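The values are calculated or read from the model by the stated rules, or taken from the named source; none is laboratory data. Predicted model only: the values in this text are computed from it and were never measured. Cβ atoms come from the backbone with ideal geometry, glycine included; neighbour counts cover every protein chain shown.
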Amino acid sequence: MDKIAQLKELNTKWLTECTCKLRTTAMQGVPGDGNANAEIIFIGEAPGAREDKEGQPFVGAAGKFLAEMLMDINMKREDVYITNIVKYRPPENRDPSPTEITACAPWLAEEIKLIEPTLIVLLGRHAMNHFLPNKKISAEHGVVSVLPLFGKLQYFLPLYHPAAALYNGSLRATLKDDFKKIPSILKNITRGKQCN
């Protein structure tokens, strides 16, 4: 079975089995979306109202901004995989709770294991703190971290969340600048792996 079919199967399984309490208030689960063979996984926080309605991540204003930034580095949404740490919309778009994040964590872990990305881009502090606890996004944005994950070294790039940048002009410029580093970061990781 190819990765596309495996990913579909994985998301179908977790839509049934995920124990997150937000299932009771959300319209539906929002699995990840994109290229099953992607080099990059973008991980956000949780679905918003539009995502909850459509069942797809990053389809609102933040998603449009993300698509624009991908175009700036000659990539398309179809080239990457986009998901969230929490797969159901928290009421009123509040922050997801630690319990909700923990309930959705096995689903996210299986997505990452299946896709085997070269780089994981963490959008916003909640996504970042899931992998890099106690770090501050203001200090870590645009800086690559290398950590063991599922038995191998994984490269992480924390960035400000596109939604935050839409409401804060100064963050917008910072996010766009950080985002433009992605192609050279990917190249350096690949070069480093070839040297090993």
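Is it the case that residue 186 is buried (at least 20 other Cβ atoms within 10 Å of the Cβ), aliphatic (A, V, I, L, M) and either farther than 20 Å from residue 65 by Cα or at pLDDT 95 or above (or both)? Here the answer is no, as residue 186 does not meet what is asked. Comparison of 101, 120 shows that the only residue that is within 14 Å of the chain's Cα centre (by Cα), in a helix (DSSP H, G or I) and under 14 Å from residue 44 (Cβ atoms) is 101.
In the stretch 1-20, the residues that are under 16 Å from residue 41 (Cβ atoms) form Cβ pairs under 7 Å with partners that are polar (S, T, N, Q) and surrounded by 12 or more Cβ atoms within 10 Å (Cβ to Cβ), at six or more places apart or across chains, as follows: 3/37. In summary, helices (runs of 4 or more DSSP H) completely within the stretch 148-196 and bearing 2 or more residues that are touching a helix residue (DSSP H, G or I) at 6+ places or on another chain (Cβ under 8 Å) and without any contact (Cβ under 8 Å) to a residue 40 or more places away in the chain occur at 169-179.
Condition check for residue 77 on (1) of a type outside the set (Phe, Trp, Tyr); (2) surrounded by 23 or more Cβ atoms within 10 Å (Cβ to Cβ); (3) within 28 Å of residue 2 (Cα to Cα); (4) touching a helix residue (DSSP H, G or I) at 6+ places or on another chain (Cβ under 6 Å): one failure, at (2).
Residues checked against (1) free of Cβ contacts under 8 Å to residues at least 24 places away in the same chain; (2) over 26 Å from residue 168 (Cβ atoms):
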| site | (1), (2) |
| --- | --- |
| 64 | yes, no |
| 68 | yes, no |
| 73 | no, no |
| 95 | no, no |
| 105 | no, yes |
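Within the stretch 51-62, if we keep just the residues that are outside any loop (DSSP other than H, G, I, E, B) and at pLDDT below 95, the residue that is surrounded by the fewest Cβ atoms within 10 Å (Cβ to Cβ) turns out to be 61.
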